[in-house]
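Right, one structure below, let's go through it.
Every number here is computed from the coordinates shown, using simple stated rules; none is lab data. All figures in this text were calculated on a predicted structure; none of them were measured in a lab. When we count neighbours, we look across all protein chains shown, and the Cβ atoms used for this are built from the backbone with ideal geometry, even at glycine.
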Amino acid sequence: MSDVRVRFAPSPTGFFHIGSARTALFNWLYARHTGGTFVLRIEDTDKQRNSDEFLEVIYSSLRWLGLDWDEGPQAGGDQGPYRQSERHDIYQEYINRLQDADRLYEKDGAQWFRISGEPQVIEDAIRGRVERTEEKDFVVVRSDGSPVFHLVNVVDDITMGITHVIRGEDHLSNTSKHTELFKALGAPLPTFAHIPLILSQQGSGKMSKRDQGALVGEYQERGYLPEAVVNFLCLLGWNPKDDREKMPLGDVIALFDFSGINQSNARFDERKMAHMNMSYLLEMPPADYLAKARDFFARNEDLKARMARAGDNYFADVIAISQPKVKAIDELPDYTIYFFADEFPWNPKAVKKTFKKGEPLARLAELKDRLSAMVDLQDETAVEEAIKSMAEQNGNGFGDYQAVARLAVSGTNAGPGLTQIFRVLGKDRVIARFEQFLAHPPAVDA
Ligand code: GLU
């Protein structure tokens, strides 16, 4: 255990977004890297804008991401309470101290803080030396008696023994107010570490809660892997100084340091996140992947019924051959639709492509006869050999059979391996779909 104490201090005024998650993560990583303590503090003084719903989202998002806090609401700790709405007496005591030090005066019903006006210099762990001078006194207690953000934030950092303030660069401009207050209260300054902003995907501005893909809950709902989201967030402003992107969290913890945090802003790239998620999905042990798929289907009544009708083994087979092919868990229902129903949509492009040249229906009829002659379609190698030798005998290519067969059983031209699809659907269903297709081929758009 080291003396390092960091905190994540969200305000529950909106859904939990990528920027907040990244700030929480960097604090958590620093605590885990140093063997310090990660504190969760809820900055909920703004009664009009806070809600319990948003508070719950903070807790559940942090838990989903695996960012466990050592002290805070629900975890306890002896420097609490950890919600600002419960710390009124503590703030009053510090207001009295400022009063006693003759640093407060009243004007228009509010309490104003008398600044020193001296240059405020910090050695920011990321930005380096930053100097700024406050020029005007500022309100610390509003006329309704409520203390302002700057005051409660500093009092909490003092009383909670915070050694490192790691937060978004948008707070850098507040820091001179904060250091004025630390000094007026006779407290040592923590180390500040202002992390670069996250820019939105499209524009040049800071990413906002309204940007597409900005909410953590979206990824949770879509069945993203929290490990992948965390890995992606690590790289938003930090890098391991080698070219690695996908890396185990244990390695990130071991390497994470302020020296690896960039000064330049990071750009949010949703495709990169999707790619990261896919590479985690590909490497997932099949049993775990199946469990994820089951969870996802179980969340929706229709999908749940679809899964139940399929039966455990069949469902598991379908998911196993789809795992290497889909980018995200939420793509599975559409991707696998033809395994669960004999009625499925025709992909018009695939239809057009298949009927563009050759005689697909004649090829399909040949294939139907050949496969009908087999006992079953369980041996993928034997099925493949059978198709190949038939193609050769008839002077055709494997591809002449493949496209139309795939279209007939799945309605599209992409998917798991054809012989895998045959094996999972089983001979009866494959032949029945071939027959159906030959009797009623899909209309080809001109
Ligand atoms: N409640 C502030 C925010 O959400 C925290 C500021 C800080 O970390 O000091 O931005």
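If you take all other residues with their beta carbon under 12 Å from the beta carbon of LYS304, and give Lys and Arg +1 and Asp and Glu -1, the sum is +1. Length gained on full extension, ARG114 to ASP137: 7.8 nm, using 0.36 nm per residue less the C-alpha separation. Taking each residue as 0.36 nm, the span from ARG294 to SER389 lengthens on full extension beyond its C-alpha to C-alpha distance by 30.3 nm. Electrostatic bookkeeping for ARG433 treats Lys and Arg as +1 and Asp and Glu as -1; over the other residues with beta carbon under 12 Å from its beta carbon, the sum is 0. Of the GluC sites (Glu not before Pro) in region 116-149, the ones in a loop by DSSP (not H, G, I, E or B) with at most 16 other beta carbons within 10 Å are GLU135.
Which angle between 0 and 90 degrees, to the nearest 10, do you get for helix 398-410 versus the longest principal axis of the chain when only C-alpha atoms count? Helix 398-410 sits roughly 70 degrees off the main axis of the chain.
Label-to-label distance, HIS275 versus ASP445, with points set 7 angstrom from Cα along the beta-carbon direction: 3.0 nm.
How many angstrom lie between the Cα centre of region 82-155 and the Cα centre of region 60-81? What the calculation gives is 26 Å, centre to centre. The Cα-based radius of gyration and maximum Cα-Cα distance (Dmax) for region 1-156 are 17.3, 48 Å.
At full extension, ASP369 and LEU438 could sit 23.6 nm farther apart than now, given 0.36 nm per residue minus the alpha carbon distance. The residue among SER264, VAL252, ASN277 whose Cα reaches farthest toward the positive pole of the charge dipole of region 251-390, with charges on the beta-carbon of Lys, Arg, Asp and Glu, is SER264. Work out the FRET efficiency for ASP46 and GLU331 from their Cβ-Cβ distance, taking R0 = 30 Å, and round it to the nearest 0.05. Between ASP46 and GLU331 the formula returns 0.15. Taking the Cα centre of the chain as reference, the dipole from Cβ charges on Lys and Arg (+1) and Asp and Glu (-1) amounts to some 1120 debye. Evaluated over the Cα positions of region 355-446, the convex hull gives a direction-averaged projected area, one quarter of its surface, of 5.6 nm².
Computed on the chain, with alpha-carbon pairs under 8 angstrom and 6+ residues apart, the relative contact order is 12 percent. Of the three principal axes defined by the Cα atoms of the chain, the extents in descending order read 99, 47, 42 Å.
Distances between every pair of Cα atoms in region 213-277, grouped in 10 Å steps from 0 to the bin holding the largest one, split as 20, 52, 26, 2 percent.
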